[in-house]
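A quick write-up on the structure given underneath.
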Amino acid sequence: MPQGLAVVTGASNGIGLELAKVLATEGYDLIVCAESARLAEAVADLQALGANVTSVTADLATREGVDRLWEQVQAAGRPLDIACINAGVGVGGKFVETDLDEELNLIHLNCGHTVHFAKHVVRQMVPRGAGKILFTASIAGEMVAPREAVYAASKAFVLSFAHSLRYELKDTGVTVTALQPGPTDTDFFHRAGMDDTQAGSEGKQESQPADVARQGYEALLAGKDHVYAANFKTKLEGALANFVPGELKGKMHDDMAKPLAEK
Ligand SMILES: NC(=O)c1ccc[n+]([C@@H]2O[C@H](COP(=O)([O-])OP(=O)(O)OC[C@H]3O[C@@H](n4cnc5c(N)ncnc54)[C@H](OP(=O)(O)O)[C@@H]3O)[C@@H](O)[C@H]2O)c1
């Protein structure tokens, strides 16, 4: 018997793929979504783990894309037990130089799809009085983040949204957990144009997406409000985030996010 039905957005690679693998291993049926054709490879990996997988290729930075994914969730004809709202992108560089269209796309995906998909999910889970939602935020949501200003703001949005929603839903049987990774070894930095930074080279190698996903899943099952993942450094930075002065947080982040050639 399957454990239940879980959906993961941004499941073609990185943290989302690893979340889907954990859920597959734990016996969940899966609905997975990404925009690119590489989703097919992820589906094959998940099926190899024995999972029953439905895949949806959709651009979640658009309203139509989110609605198409939701139509597939409804087509399953059974309740959704877990929603991992994870798809996201970054844009690296100084705001004065970065591309506005890329940043607006980032906002549509990181913030827009999060709110839009959560609306569907919450309206299905709350009347049933059961369900678990995992939002992939970031430790960046609590940082002062030069050279990732719009990205960090989008993750502060996700984090605030997750905490507020958690409070609203506390008596409904639906739990909300924020996953807050530090730099992790995925395509994220390459895609954000940050290969030539400390975070995008050695920094990310200190945390593997499989560890982030496992810790996120365990926090989700335990109904925790958030988890910093995956390594000790990220957990320490998270614990200290409210005590470190903004100027110092800004300097630390600038060092990690500037091109190595500028150091
Ligand atoms: N890696 C880190 O250091 C780090 C740290 C903190 C938080 N995070 C967060 O973790 C989440 C996952 O990122 P990752 O690190 O795993 O990066 P990743 O390897 O680049 O994976 C991103 C996922 O999002 C999907 N995606 C991107 N644009 C999309 C769109 N328009 N519509 C649908 N799917 C889309 C990608 O699918 P396709 O490109 O195949 O369509 C991919 O599956 C993000 O929310 C990110 O902000 C990452």
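In segment 169-201, the qualifying residues are those that are within 30 Å of V126 (Cα to Cα) and not in a loop (DSSP other than H, G, I, E, B), and the one that is farthest from the ligand (Cβ to nearest atom) is V174.
How many residues are within 16 Å of the ligand (Cβ to nearest atom) and of a type outside the set (G, A, S) when one looks only at segment 156-168? Going through segment 156-168 one residue at a time, the tally reaches 4. Scanning segment 1-43 for residues that are small (G, A, S), part of a helix (DSSP H, G or I) and within 12 Å of the ligand (Cβ to nearest atom) gives G14, G16, A20, A40, A42.
Across segment 126-144, the qualifying residues are those that are assigned to a helix (DSSP H, G or I) and in contact (Cβ under 8 Å) with a residue 12 or more places away in the chain, and the one among them that is farthest from N242 (Cα to Cα) is R128. Residues in segment 207-233 that are part of a helix (DSSP H, G or I) and more than 16 Å from the chain's Cα centre (by Cα): L221, A222, F232, K233.
Picking from residues in segment 234-247 that are assigned to a loop (DSSP other than H, G, I, E, B) and hydrophobic (A, V, I, L, M, F, W, C), the one that is nearest to the chain's Cα centre (by Cα) is A241.
Within segment 100-114, can one find any residue that is under 30 Å from D255 (Cβ atoms), among the hydrophobic types (A, V, I, L, M, F, W, C), away from the ligand (no atom under 16 Å from the Cβ) and assigned to a helix (DSSP H, G or I)? Yes, that holds for at least one residue.
Every number here is computed from the coordinates shown, using simple stated rules; none is lab data. Note that the structure is a prediction, hence the values are computed from the model and not measured. Note that we place each Cβ from the backbone using ideal geometry, even for glycine, and neighbour counts take in every protein chain shown.
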